[in-house]
1. Note down all Cβ pairs under 6 Å where the first residue falls in the stretch 372-393 and is under 14 Å from His447 (Cβ atoms) and outside any strand (DSSP E or B), the second is of a type in the set (A, V, I, L, M) and within 14 Å of the ligand (Cβ to nearest atom), and they're at least six residues apart or on different chains.
2. Could you check, for the stretch 735-743, whether at least one of its residues is outside any loop (DSSP other than H, G, I, E, B) and either at pLDDT below 95 or open to solvent by less than 50 Å² (accessible area, probe 1.4 Å) (or both)?
3. Would you check if there is a residue in the stretch 652-668 being on the phi > 0 side of the Ramachandran plot and more than 16 Å from the ligand (Cβ to nearest atom)?
4. Examine the stretch 624-631 for a residue that is away from the ligand (no atom under 15 Å from the Cβ), open to solvent by 30 Å² or more (accessible area, probe 1.4 Å), within 29 Å of Asn500 (Cα to Cα) and modelled with pLDDT of 95 or more, and state whether such a residue exists.
5. Using the structure shown, decide if Gly698 is within 16 Å of the ligand (Cβ to nearest atom), open to solvent by 10 Å² or more (accessible area, probe 1.4 Å) and closer than 30 Å to Ala539 by Cα.
6. Counting just the residues of the stretch 443-468 that are without any contact (Cβ under 8 Å) to a residue 40 or more places away in the chain and open to solvent by 10 Å² or more (accessible area, probe 1.4 Å), which one comes out nearest to Leu395 (Cα to Cα)?
7. Step by step: first the residues of the stretch 769-826, then only those that are under 19 Å from Ala686 (Cβ atoms) and of a type in the set (Lys, Arg), then the one that is surrounded by the fewest Cβ atoms within 10 Å (Cβ to Cβ). Which residue is that?
8. Within the stretch 429-446, can one find any residue that is out of contact with any Asp or Glu (no Cβ under 6 Å at 6 or more places or on another chain), within 14 Å of the ligand (Cβ to nearest atom) and not β-branched (Val, Ile, Thr)?
Amino acid sequence: MTATQPALNAVAGIPLPASYGDRQRTGLTAADLFEGMAEHLFFSLGRSAIDASPHDLYMALSYAVRDRLMTRHLASKDLLRHQQPKAVAYLSAEFLIGPQLANNLLMLGLQNEAAEALGRFGVTDPEQVYSVEEEPGLGNGGLGRLAACYCESLASLELPATGYGIRYEFGIFDQLIKGGWQVEITDKWLKGGWPWELVHPTKAQVVGFGGHTEVWHDEQGRYRVRWVPSEVVVGIPHDVPIAGYRVNSCGRLRLWRAEATESFDFHAFNSGDYHGAVELKVGCETLSKVLYPNDGTAGGRRLRLMQQHFFVSCSLQDMLANLRRRGIAIADFPRHWAVQLNDTHPAIAVAELMRLLVDEQGLDWDQAWAITNASLAYTNHTLLPEALECWGLELFRSLLPRHLELIYEINARFLQRVRLRHPGNEQILRRVSIIDESGAKAVRMAHLAVVGSHHVNGVAALHSELVQASLFPEFAALWPEKFTNVTNGVTPRRWVALANPYLNALLSESIGPNWPMQIEALKQLEPLQHDPAFLEQWAACKLASKRRLAQMIDQRHGLLVDPTSLFDIQVKRIHEYKRQHLNALGLIARYLRIKAGETAGLAPRTVIFGGKAAPGYAMAKLIIRFINGIAETINSDPDTKGLLKVVFLADFNVQLAEKIYPAADLSQQISTAGLEASGTGNMKFALNGALTIGTLDGANVEIREHVGAENFFLFGRTTEQIASLHNDGYRPWEWVAASPLLEQIFALIESGHFSGGDSELFKPLVQNLVGSDPYAVIADFAAYLEAQDRVDAAWQQHNYWQAMSLLNTARCGFFSSDRAVREYAAHIWQVTPARVEMSCPI
Ligand code: F58
């Protein structure tokens, strides 16, 4: 690569740092990177090259790469200042961005140069340096990872954007497996220093909590309300540059860290409410301490609401300050910011923006409401009732008294509209009200988000239909144009180009090196399904990824697996609706078949699981124990040799995922129909050429449509059939009694065969399945086994399998997050690309 110095001065007009132009800061050759690293080793880290550890080299290279992002970052900011394009504010309580170094090298086109520079420090395998990076686990799963993919696509498509969130000091826990059980360990991702963030204390914002409201009248005699919080907390922004793929622009993730102010609530203190005051003080200090695992337990709910308000308020104030700095009138807020609410976690934005506009800026209600409504849009990610956020009224009032008043006003005006449409229908009013009065009163955040947004979208076609038909039917009737679908997508840069270097090389050679930004080019692979020589290359790529994973399994778990066996993988959060236990029961059936000597037609398999259970979710943790019990029994039984191995890979995270998705032959997407909103792992697997065994759920439906029904192993009841199963009085114990196989499986489990003779251990799981089976595991069991038989049969025909695998990759371009982000941009945000003109080498 030749270094082309960006002509920043001429174009952007920003004052450049004195050292700009220094090759070690901005140059793009291996020699430049080497010099940059040497400088950072010495001056930023105080280390000499001779005794630099892999971590030192990681830090030095990261700083050198960050230098190169800075020119792009500043040029992008400058463009915003001068051209004033509309920008996206993506509000999300979670961003699971994964390791940064290797990804940024890919984005800048510096992978080879970095490898060479590291080579000059004596590093033979760059992975040894890249793998020391602690990834920021600032999310639980799919929702947080989606936010990260969208930030990357926004940057790559040159759409101006800021992702706003929380800089949790402790992210999602690290998972150990001990004695087959999940053990949670605190995630200390910041302990070695994290080189990718820039702190901006001068851009701090102040956020209030508690206290009371007061009425006053302004100079024009207008009725006004002011909120007098009892406690304030300061939000300090930490910015992470988000590189676009081979473009000059650079996006931004702005994460807020909470800091308590000096003062504490003297008023509450003096009035004798010492505990109240101290509690608030402690709460403020711990606001950005820890990410909440999604276990829905009551403990810590107060802190979670505080976290939500904290980052939303900081972010909205930041957007307003940004307009003020640029001399833009408040009325123009919606012309400059498209604010996306990633689920209901930031839904307090509806009330907070109203408060900022009405109370602080003095706008009248209608004007403020028009701005709020024209700015906000809401994405729903779940239909599960337990995941729909509601806040008890008393908790809400004690923390956000002014917001509750505003919500009552918003609700009153909204219900008035509903009343006009449905005169006398009190039932409808009760159903749609933002305040749930059916039991202990509570604020329904999803209703607040729907009322306050101009668009509401689900995340896959089926899910969006269900959002309208079963979750918000009354709202959809009232505002049909508000509801839409944007099927999720994943970035092909991280999930194929970076994660799968073997496939990346083959694709670049066969369809051209620009495929990561021109994903539809994957279609050109289709004719190659008939080319046996190409199919051999295709199979060789897969085998290389499987060998890499096999090595990792050996290193981490001391288990040898055969890379030529069928790699059958289910990785995702552990949850009953995702039905890892259906997979586990299927494994026992396979084991019994092997024990009975009925092995004809069985494909040798390595069945791999991975995923974390919420710490408070006992049944999910028992499912992990169950899988590990089965694994132990099967792996130690000589009869299974060469036919079946089972692995539970501990601590599934982005780093591990990058090794897993490329290595899969079969992807298990087996949730109960109607319950998985979309899934995104399903897309990562398919893009990497895995075939799916799956139900008609979430985005599986669309994956199957794209790849073709003949290249997808479908099974199971549909959403409607699941509903009628339950409506007709589902009695799973009768199904078990009618199936000799299921009887045998449960008898074996109850005998303690998978629990070292302990016949009690899995009782709660067995009782749950046989006694109620809320997720229809038993009802779908026979169909699942039958689909697995089809998998075995297809695996026997090597070329046929490889052709199906190729078609999965070729036809899944639709699931690129670029497509999804373009849909949001065109239909919801109304934002267009803003090109940073500086010559950037590719
Ligand atoms: C996931 N939701 C959906 N929530 O389950 C998945 O189908 C979808 O593909 C994905 O969003 C992206 O749209 C999800 O990950 C959470 O992790 C919540 C975090 C906060 C607590 C409640 C769960």
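1. So the pair list comes out as Asn380/Val467; Leu388/Ala446; Glu389/Met445.
2. Initial filter on the stretch 735-743 (outside any loop (DSSP other than H, G, I, E, B)): 735-737, 740-743.
Still in the running and either at pLDDT below 95 or open to solvent by less than 50 Å² (accessible area, probe 1.4 Å) (or both): 736, 742.
Scanning the stretch 735-743 turns up at least one residue that is outside any loop (DSSP other than H, G, I, E, B) and either at pLDDT below 95 or open to solvent by less than 50 Å² (accessible area, probe 1.4 Å) (or both).
3. no
4. Within the stretch 624-631, none of the residues are away from the ligand (no atom under 15 Å from the Cβ), open to solvent by 30 Å² or more (accessible area, probe 1.4 Å), within 29 Å of Asn500 (Cα to Cα) and modelled with pLDDT of 95 or more.
5. So Gly698 fails the test.
6. Once the filter is applied, the top-ranked residue is His447.
7. Arg790
8. Scanning the stretch 429-446 turns up at least one residue that is out of contact with any Asp or Glu (no Cβ under 6 Å at 6 or more places or on another chain), within 14 Å of the ligand (Cβ to nearest atom) and not β-branched (Val, Ile, Thr).
The values are calculated or read from the model by the stated rules, or taken from the named source; none is laboratory data. Not measured: the values here are computed from a predicted model. Reconstructed Cβ throughout: ideal geometry from the backbone, glycine too, with neighbour counts over all protein chains shown. Each accessible area value is taken on the protein alone, full model and side chains, heavy atoms only, with ligands, DNA and RNA left out. Shrake-Rupley method; radii C 1.70, N 1.55, O 1.52, S 1.80 Å.
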